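Notes follow once the structure below has been shown.
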Amino acid sequence: MFRAASRANREESLCVINALLAWRHLDRPKEALDFLDAQPASISTLSAVRAQQAYFQANSSRTDQALTNYARLFAEGYRNDGHFGEYANLLMLQRQYDVALSAVEKYLKTEDSVPVRLLEAEVHRLTRDFPKAISLLKVQREKAPFNGQIANALAETCLQAGQYNEALEISKEQVQNNAGSAYAHYLKGRSELGLKWYREAKVSFESAAKLAPASKDIGSYLDLVSGLLGEGSNTLLKEPIDVVALPAGLTNTPVEPIPEGYATSYGACYTRRIVAVSYEPGKEYKSTDFMWARILDASGVAAFSSFQVAFDPLSEQVFVNEVRVLDASGKTISTGKVSDYYVLDDQSGAEASQKKVLNIPVPGLQPGCQLAVAISRRQLGHLDEFPLLVHSFSCTVPVRESILYLQGEAGGLKHIAWHGIEPQRVTEGRYWRVVDPMVARWEPQQLPAADFLPMMWVTDASARWPVLASNYIASISNRLEQEASIRDQTRSLVAGLETDARITALARYVQTNLTYKAIEFGRRARIPNKPAEIVRNKYGDCKDHAVLLQQMLDAAGVPARLALVGHRGPILKELPSLDHFDHMIVYVPDGGTGRFVDCTDKGADAAHAIPMGLAGRDALILDAQNPRFETIPSYPQNASGIEVQRNLRLVNMADVAAEETLTLTGVHAAYLRDYLLQIPPASRRMLLQRQMGMTDVELSDFKAEPVDAPDAPLQLRCTYTCKKQFHRSNEQLTGILRAGFERGYLAADPVDNRLTPFETRIPLSIRSTVSVQVPEGYRAERTADPSPRLDSRFAVCKGQMQLEDRKLKLEFEFRQPTGKSKASEYAAYRETMAQALSLLEREVVFKLDTR
């Protein structure tokens with residue numbers, strides 16, 4: 001508007017100055033300078049306009065022009081403390097201290113100015129003339145004893161001069177006068193740190209951090225002083241949170257008796273664990289985890305010597321109410337101290353997030369002890385609805401009695417309990433109780449925990465899927481506005497292409513032009529960036545990938561919707577909540593059949609593949625007119641295949657030299673390609689060799705291609721040597737043909753006394769052709785093909801060996817279907833996989849040819 005006004009009246013300077021001020025707020029110096037170039041001389045020669053011009057020149061890296069402009073301006077007698085400050089600071093950045101000091105002295109001859117006196121002291125401070133700077137600042141402080149800028153500058157200069165006592169007295173006075181100033185507390189902390197008063201410094205830095213939590217400087221000092229005290233970062237843990245009070249009906253109930261020999265194979269157990277939750281709509285949501293444990297042996301001491309608690313500092317506070325170690329008679333031996341607790345970044349997941357891990361060391365623990373721990377959390381802000389609560393009654397060691405307690409009226413809540421666990425009512429609320437729940441132990445090929453562990457899901461009874469979806473779409477509506485730059489770019493990418501080719505081209509563009517920065521989709525991380533910003537950044541999380549692709553498809557005339565999905569397990573549709581979801585993809589109706597596109601899958605043919613880890617899962621389609629669930633297709637039987645060609649020859653009649661080619665298609669190709677893309681080419685050979693269980697071979701050559709073409713088969717070519725595979729005895733050579741990279745796909749992990757059901761999620765077919773050159777002077781001894789005992793639920797395979805032109809040729813075919821199985825069937829599964837592997841790892845005998 002100001003620009004238009006200046007065009008309407010070419011002689012009005014006020015409109016020009018206001019336009020320049022607006023550009024200054026927008027931080028767009030180039031546009032401002034272009035605007036000034038078009039102004040008449042009557043405007044551009046005005047001192048106020050020239051001052052703005054010099055400012056924009058300085059911020060466009062045209063430093064020499066800015067300095068020349070400023071120098072002329074102030075030499076002509078122009079006075080403006082703000083612009084003079086810009087000029088002096090620019091001189092100091094260029095280390096032109098003498099010029100800056102001369103300019104300050106000339107400026108002050110006309111009229112005294114406190115801001116300019118501060119600049120004068122700053123020049124002396126930067127030249128390390130601390131006595132002069134301090135003297136100047138003390139004079140100014142006597143004139144204006146309540147000026148905070150002068151006091152702060154004096155304290156800062158005293159700190160740099162090493163006069164910590166003087167700096168402390170000034171900063172104490174500043175804190176007393178303005179307790180809400182983060183900078184005052186920060187100066188006080190630095191003064192105390194200089195005096196090596198580490199405990200007092202930490203208190204000051206904590207006060208500063210509470211007032212300015214985003215300050216990296218304050219945070220770094222806080223980390224430093226915490227480290228000097230040997231405490232780690234524990235500032236987040238110091239705000240007390242009262243425990244959720246337990247009803248007498250629970251506290252007075254005797255603990256379930258512990259049977260003889262209980263949990264001896266685990267080293268420790270929980271005698272009782274209670275998770276108590278309190279919720280007041282619009283006021284507070286908090287929970288307390290009460291744990292009572294018994295330590296049985298040294299392994300239990302190791303397991304319970306510290307607790308790790310994950311939490312999100314952006315959405316919740318955490319407080320350790322109690323850590324107490326007791327002897328067998330119940331006498332307290334030791335208690336935990338907050339100074340021993342510390343907070344670290346949570347690096348347990350593949351996704352980047354703001355989550356932290358609270359580490360709680362437990363002092364004085366030894367076999368035969370008891371342990372009592374209470375940890376409370378409180379949600380920040382006011383929740384108008386009850387967030388989705390997913391509670392497992394199981395732990396990684398046995399729990400004699402596990403309880404979930406909800407305080408207060410539960411009429412506004414809706415829940416689903418595993419296997420119909422019924423609530424028990426008390427005056428203060430209700431609770432659910434499980435005695436001896438299954439131990440939560442990780443085992444290979446495990447189903448989602450909800451399929452086998454006793455669990456509870458609780459959410460707000462008023463929630464409805466259409467409302468949740470519509471509100472979420474509305475919250476990101478400004479991210480879904482069609483932008484001209486995206487529209488133009490899209491049209492250039494899809495010009496002349498049919499619908500399927502358009503989807504393929506745009507999915508490929510997003511997939512290859514954005515780096516995936518995994519940020520967890522959750523209550524505090526649901527708003528994507530704008531498409532133009534995503535393109536400019538060239539990176540993004542799942543939301544950014546999905547929004548950009550959806551907008552480009554829409555611009556290309558291909559209907560598409562955003563879709564929310566979850567990797568953790570099935571979505572409980574009876575309990576509406578966006579907290580079920582941890583990922584966003586794109587849904588393309590595509591003639592009614594529908595396809596799902598996930599451009600964060602960098603190794604897959606995103607336009608046509610089923611998104612990794614989501615086959616058969618439900619997706620919430622974010623359609624403003626018709627929000628609904630659609631099911632992602634399951635994997636077809638030909639979803640994944642591996643073909644192997646391996647040529648072997650004996651070296652020194654003992655070692656085996658191999659030339660091997662693997663061709664992977666479908667899901668396993670996508671997984672492996674995605675893995676390779678995340679590894680520098682120089683490290684791929686070593687890491688893949690380790691992953692595929694071939695660390696004992698000498699891998700002399702390795703090549704993977706094409707890594708950057710996800711719609712093509714992935715081919716691995718390698719050359720390696722297996723040492724001492726054959727041995728000579730009398731007139732024959734005997735050895736075992738070793739499986740190559742197939743072993744990584746066929747070998748089943750051992751599990752001691754499996755507890756949990758398992759599944760094969762991805763169908764797999766393997767075809768291998770192994771050719772062994774018969775050594776010169778020997779002939780191959782014919783051996784019978786083995787007859788493996790296979791369980792068709794787990795695999796179907798065959799292998800046949802025959803002699804062709806001085807070569808033994810083994811043809812192997814393997815097919816593995818998808819399916820879920822009981823824990824008790826894992827032994828049969830392992831046996832089947834071992835039998836299948838035995839068809840590849842065959843004994844070969846060569847006899848001396850005496851004919």
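Observations, loosely collected:
- Two-site FRET efficiency, D345 against Q773, from Cβ-Cβ distance with R₀ of 60 Å, rounded to 0.05: 0.65
- Peptides 133-141, 400-408, 95-103, ordered by how many other C-beta atoms sit within 10 Å of their residues on average, highest first, read 400-408, 133-141, 95-103.
- Environment charge of E698, counting only residues whose C-beta is closer than 10 Å and scoring Lys/Arg +1, Asp/Glu -1: -1
- Charge dipole magnitude, Cβ of K and R +1, D and E -1 - the stretch 684-785, Cα centre, debye nearest 20: 160
- Contact order relative to length of the stretch 597-747, as percent, for alpha carbon pairs under 8 angstrom and 6 or more apart: 24
- Taking the C-alpha atoms only, the angle from helix 826-840 to the longest principal axis of the chain is near 70 degrees.
- Estimated distance in nm for a label pair at Q678 and R743, the labels positioned 7 Å out from Cα along Cα-to-Cβ: 2.5
- Shape of the stretch 184-299, Cα gyration tensor, a/c cut at 1.5: oblate
- The mean sequence separation of alpha-carbon pairs under 8 Å and at least six residues apart, normalised by the residue count of the chain, gives a relative contact order of 6 percent.
- Gain upon complete extension [S787, K210; 0.36 nm per residue less C-alpha separation]: 200.5 nm
- The translational diffusion coefficient of the chain, from Stokes-Einstein at 37 °C and 0.692 mPa s with a Kirkwood hydrodynamic radius over alpha carbon pairs, comes to 97 µm²/s.
- Close lysine pairs were tallied over the stretch 737-851: pairs 8 or more places apart or on different chains with Cα atoms under 22 Å apart number 4.
- Centroid-to-centroid separation of the stretch 648-706 and the stretch 243-300 [C-alpha atoms, Å]: 49
- With Cα atoms defining each centre, the stretch 385-406 and the stretch 710-738 are spaced 51 Å apart in the structure.
- Estimated distance in nm for a label pair at N513 and A248, the labels positioned 7 Å out from Cα along Cα-to-Cβ: 7.0
- Around the Cα centre of the stretch 506-619, unit charges on the Cβ atoms of Lys, Arg, Asp and Glu (plus for the first two, minus for the last two) sum to a dipole of about 280 debye.
- About its Cα centre, the dipole of the chain is roughly 580 debye, where the only charges are +1 on Lys and Arg Cβ and -1 on Asp and Glu Cβ.
- Virtual spin-label span in nm between H567 and A41, 7 Å along Cα→Cβ: 6.8
- Extension gain, T110 back to V467 (0.36 nm per residue minus Cα-Cα distance, nm): 121.8 nm
- Length gained when the stretch A22-K723 is fully extended (0.36 nm per residue, less Cα-Cα span): 244.9 nm
- The distance from the alpha carbon centre of the stretch 781-829 to that of the stretch 173-206 is 72 Å, rounded to a whole number.
- Computed with a 1.4 Å probe over protein heavy atoms only, the accessible area of D541 comes to about 10 Å².
- Sorting D27, D289 by accessible area puts them as D27, D289; the probe is 1.4 Å, largest comes first, and only protein heavy atoms count.
- Selection from L737, A609, P145 lying farthest towards where the dipole of the chain points positive, charges on Cβ: L737
The values are calculated or read from the model by the stated rules, or taken from the named source; none is laboratory data. Since this is a predicted model, take the numbers as computed values, not measurements. Cβ coordinates were reconstructed from backbone atoms using ideal geometry, including for glycine residues, and neighbour counts include every protein chain displayed. Surface areas here come from the heavy atoms of the whole protein model, side chains and all, with no ligands, DNA or RNA. Shrake-Rupley method; radii C 1.70, N 1.55, O 1.52, S 1.80 Å.
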